[in-house]
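Just so it is clear, none of the values below were taken in a lab; they were calculated from the coordinates. The structure displayed is predicted, hence computed values, not measured ones. Reconstructed Cβ throughout: ideal geometry from the backbone, glycine too, with neighbour counts over all protein chains shown.
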Protein chains: 2
Amino acid sequence: MPKDRTHNFEPLTPLKFLQRSATVFGDRVAVVDGNRRWTYRELLDRSARQAGLLRSVGVAPGDRVAVLAPNTHLMVEAHFGVPFAGAVLVTLNTRLDPRELARILDHAECSVLLCDPDFAATAEQAFASTDADIQLVVADQGYEALLARSVPWMELPDDEDAVLSLNYTSGTTGAPKGVMYQHRGAYLQSLAVNSHFGITASSVYLWTLPMFHCNGWCLPWAVTAAGGTHICLPAVRPREVWAAVDEYRVTHLCAAPTVLSSLCADPAAHTIDDRTLSVAVGGAPPAPALISRATDLGIAITHLYGLTETYGPLAICDWRREWDELDRDEQAVLRARQGVGNVIAEQIRVVDESGADVPSDGRTVGEVAVRGNNVMLGYYRDEAATAEAIPDGWFRTGDLAVMHPDNYLQIRDRAKDIIISGGENISSVEVESALAAHPDVLEAAVIALPHDHWGERPVAVVTPVAGATVNSDEIRAWLRGSLAGFKIPDSVVAVDELPKTASGKIRKKELREDWASLGAG
Amino acid sequence: MPKDRTHNFEPLTPLKFLQRSATVFGDRVAVVDGNRRWTYRELLDRSARQAGLLRSVGVAPGDRVAVLAPNTHLMVEAHFGVPFAGAVLVTLNTRLDPRELARILDHAECSVLLCDPDFAATAEQAFASTDADIQLVVADQGYEALLARSVPWMELPDDEDAVLSLNYTSGTTGAPKGVMYQHRGAYLQSLAVNSHFGITASSVYLWTLPMFHCNGWCLPWAVTAAGGTHICLPAVRPREVWAAVDEYRVTHLCAAPTVLSSLCADPAAHTIDDRTLSVAVGGAPPAPALISRATDLGIAITHLYGLTETYGPLAICDWRREWDELDRDEQAVLRARQGVGNVIAEQIRVVDESGADVPSDGRTVGEVAVRGNNVMLGYYRDEAATAEAIPDGWFRTGDLAVMHPDNYLQIRDRAKDIIISGGENISSVEVESALAAHPDVLEAAVIALPHDHWGERPVAVVTPVAGATVNSDEIRAWLRGSLAGFKIPDSVVAVDELPKTASGKIRKKELREDWASLGAG
């Protein structure tokens, strides 16, 4: 890149978004966290001081700095402050136990751990499991005093391909891997996310999606780019979400279907009629019934699909005006598809084991393969895993899908979630969608249990809607209206709560272990 | 750039937008032109065949290919077809005379001129003024036959910094200069434009802004990126604009204030109440009175400011929710400002002659200086002009502005439009805004005429609203309510029409020549 083109070449970095917003929206509220609020000018100042503080304790360019915090102002600030220090941001899943945290701190060779006061004890326990020399910085009153004395530091990358952050995958299977994001990819993905979600200077974004998950789908940078307002919410409880939605006149939030389902079912749920509440739904396909329920409340759903390895949202199912004329059931079916590559992500394929495209017939299942500026650089310090995931220049997502004739992607399952019964493939997603349409069912997970005759058989674990009772036989009979006989679960078991990952994905491995005894044959 | 990063590095080019939309929105209507319409799949096919045709007549990578056409489907196709051939797109202003066109064809050393049948005679006349060997390709029935037989060709740039197009400045002063756009800049600007204008897959964009002007502010690429629909309109007449707005349920269009003013004043004007019609207004500051009139019709105005050298829109005055509570006059004043750098354009300054920032006090006038990915590479084959325009790594726009304390930019005038009367600076924009608020005035241009005593004095040339009569003395008396005495024009002259450039800017130079005899003293 010719370096003399200073007038028209600038490295793409999301750090520029904060600098711009602090200049042009200096007095706007950037972050609300409980009773505290900071303007964009203050957010820039605090982030730059955080960077200065990190430098003063010895952080050098390229160092990894970990952050352990729920969705508080500290997390928003760290998305700018850590890279302003020239360091690589490593956000930690707050639901991991100290031993798991220690493994990540060791693997990433972090020099500093910045943590929320509520997690200081957890951090100390994690340190007990590692021999590494890691400095702990607790964001308490003492931190505030240090920040006030700190000299602001703002280092921008010379190279837009420099590593910006590591995102350790939430790991429903296997060992955690550190996904490397780059400044260029995060910049472009932020613009794409804003464009598809419709986030503007007038938007109020509620933080329900954990920022430690895929850097919150790049939204710490994207909302800042637009000059919208971040509303922090440390814990996601439906009543508090609704209270925040009303108090701050929230316009946007993200939710896994399980989160959206709880929101819609909560007694505090009510119709939003003075604005549009846009909810980006990802992590798993929302059942058509859930889409209908949300629509009744005046919630506009954008369904999307993505992975940690693709900076979050990869494919988006934007509303299309051709669908206006369809009836609601047809609309729900179309909207439940994962959609099409977002505006910067045009290279999405569904491939067979040889890496060739499967027919775009809506039936032939293959693996989703992608490449482009929105694909991770690779797994940090794991060349073998990187080479395995990217065997031929195309990243394999591990997700099984069909490509429809209109080139819309529809995920069938994670490879491990396909149930093979008597040689027939059963999509657990399809069965879950059918179950979610039942009036008594709030959430459903369908798992494969071993079966002597059929090899595997589906079993459903569901949570009932408030006040309802789940009757296995009644539901199984009801399912015959929408599913082939071999797809109907052998039993439908009700539980109070489904085990979930931080990003709201149901932990099916755990369910399979818990319910193995149900296997009949 | 490491070339082995094929999985996650792709050159940024707006050509990718069409490839994506043809894949994911293949059967959507991409272009409507009169009774004809083409889907995105067809637009890609026609563009690729245009590229194949150009290659077959000898166009080589890096060649310049000129296009002379109004806002027809040919222009949309050429924005993809010419670069697909590996060539550089040179769009020609259809209002230039043959001699001016020949100068540009010569300067750009074009090898082919692709032209609309209606301009074939003009093209032949232009060829008569040049010795260059340029092939003429007329887009008539014969062209359609050639296209049908052509082999599709899609060449994507290896280097995102490659030159994509040349835009010869409309030249209200001086010699035309060929502004070089690059693939990277056009890609980023397209994303920014969509984000600020709110263009999505559901948008219907009406082509009133000429595509030959700054590549239509990058909208041929941006609307295509979103998967919206292009509605071509070869000539901009208010009644036909309104007819198209209704027939196609247009959601977006761009307009110079003069165009918007004609639209609002036309008998066909009516309130849009079943959707939002968003109008991006640039080229000159819209008067607060015009903003009010448009708002009454249900039109949402986004005011912006840009230049050919900045890929069109550089600063945007997005609506801010803090302004909701203000009264309409206050809102109009805030909205009439040029705003803040768009999301990819954060480096905008107002500088004095030494290149230092003027105070951000809303009063001190300086020159707008910018740099960033949205600034041209330079002027084609004109190193002297490039060096003069970019003396120190910052491009000087030639526009005089103040920076407000909130870092909003407000243009005062082109340097040459400041009127210096008795040592006092008079902003012609300010006087024009005051005039536009008068109920009898449709459009106003204020020019400086020589004056023996004062040096210069302002004179106003206005067009009356339909049915009204302009009385110079009455208007001058009325202006005393809003302007200092020395700013009130010595006379107010009514004309049927103001002379304008292709982009809707009033040709003040021409007015000054026409009205020089009014100068008194």
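Numbers below:
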| item | result |
| --- | --- |
| Residues listed by number, segment B:204-246, amide nitrogen under 19 Å from B:D266 label point at 7 Å toward C-beta | B:204-211, B:230-246 |
| Peptide B:185-195, shielding by other chains (average Cβ, 10 Å cutoff) | 4 |
| R0 of 41 Å, Cβ-Cβ distance A:R239-A:E474: FRET efficiency to nearest 0.05 | 0.85 |
| Note, ³J(HN,Hα) from phi for segment A:378-395, Karplus 6.51, -1.76, 1.60, rounded to Hz, x at Gly and Pro | x, 8, 5, 6, 8, 5, 5, 5, 4, 5, 5, 6, 10, x, 8, x, 10, 6 |
| Considering only the protein assembly as shown, percent of DSSP beta bridges that pair antiparallel, nearest 5 | 60 |
| Amide proton proximity set for A:C115, modelled H, under 5 Å, gap of 5+ | A:L68, A:V137, A:V138, A:A139 |
| Copy-to-copy label separations for B:A120, where each label sits 7 Å from Cα toward Cβ, in nm and ascending | 8.4 |
| Label 7 Å beyond Cα on the Cβ vector: A:K509 copy-to-copy distances, nm | 7.2 |
| Residue-by-residue Karplus 3J(HN,Hα) for segment B:85-90, coefficients 6.51, -1.76, 1.60, Hz, glycine and proline x | 6, x, 9, 9, 7, 10 |
| In degrees, nearest ten, helix A:40-56 long axis to first principal axis of chain A (Cα) | 70 |
| Fewest-first sequence of B:T271, B:T229 by Cβ atoms within 10 Å of each Cβ | B:T271, B:T229 |
| Among B:A294, B:A336, B:L377 - extreme Cα towards positive end, dipole of segment B:236-414, charges at beta-carbon | B:A294 |
| Angle between chain B longest axis and helix B:15-24 axis [Cα atoms, degrees, rounded to 10] | 70 |
| Mean separation of Cα contacts under 8 Å, 6 or more apart, over the residue count of segment A:292-390: relative contact order % | 22 |
| Spin-label pair A:E383/A:D357, simplified geometry with 7 Å Cα→Cβ offset, distance in nm | 3.4 |
| Relative contact order, percent, segment A:236-414 [alpha-carbon distance under 8 Å, six or more residues apart] | 16 |
| Simple Cβ-charge dipole of segment A:422-518, Lys/Arg +1 and Asp/Glu -1, about Cα centre, in debye nearest 20 | 240 |
| Part-to-part distance (alpha-carbon centres) for segment B:277-301 and segment A:124-157, which is given in Å | 50 |
| Charge context of B:R381, other residues only, Cβ under 11 angstrom, K/R +1, D/E -1 | -2 |
| Contour excess over end-to-end distance, with Cα ends at B:D118 and B:D324 and 0.36 nm allotted per residue | 69.4 nm |
| Residue exposure sequence - A:R275, B:R412 - by fewest surrounding Cβ within 10 Å | A:R275, B:R412 |
| Teacher prompt: B:D473 distances to equivalent labels in other copies, 7 Å Cα→Cβ, nm | 10.2 |
| Only Lys, Arg (+1) and Asp, Glu (-1) charged, at Cβ; the protein assembly as shown dipole about Cα centre in debye | 0 |
| Relative contact order %, chain B, counting alpha carbon pairs below 8 Å whose residues are six or more apart | 11 |
| For segment B:260-270, 3J(HN,Hα) per residue [Karplus equation, 6.51 cos²θ - 1.76 cosθ + 1.60, θ = phi - 60°, Hz, x = Gly/Pro] | 4, 4, 5, 4, 5, 8, 5, x, 7, 4, 7 |
| Trypsin sites (Lys or Arg not before Pro) within segment B:1-94, DSSP loop, no more than 14 other Cβ atoms inside 10 Å | B:K3 |
| Residues A:S482 and A:Q135, FRET efficiency given R0 of 51 Å [Cβ-Cβ distance, rounded to 0.05] | 0.35 |
| Fewest-first sequence of A:Y311, A:Y248, A:Y380 by Cβ atoms within 10 Å of each Cβ | A:Y248, A:Y380, A:Y311 |
| Only Lys, Arg (+1) and Asp, Glu (-1) charged, at Cβ; segment A:72-229 dipole about Cα centre in debye | 480 |
| Relative packing of peptides A:216-224, A:133-141 - highest average C-beta neighbours within 10 Å first | A:216-224, A:133-141 |
| For B:L449, residues with placed amide H under 5 Å, excluding near neighbours | B:R457, B:V459 |
| Other-chain or far-sequence residues with amide H under 5 Å of A:G86's (modelled H) | A:E155 |
| Chain B: calculated mean residue ellipticity at 222 nm from DSSP helix runs of at least 4, using -39500 (n - 2.57) | -9000 deg cm²/dmol |
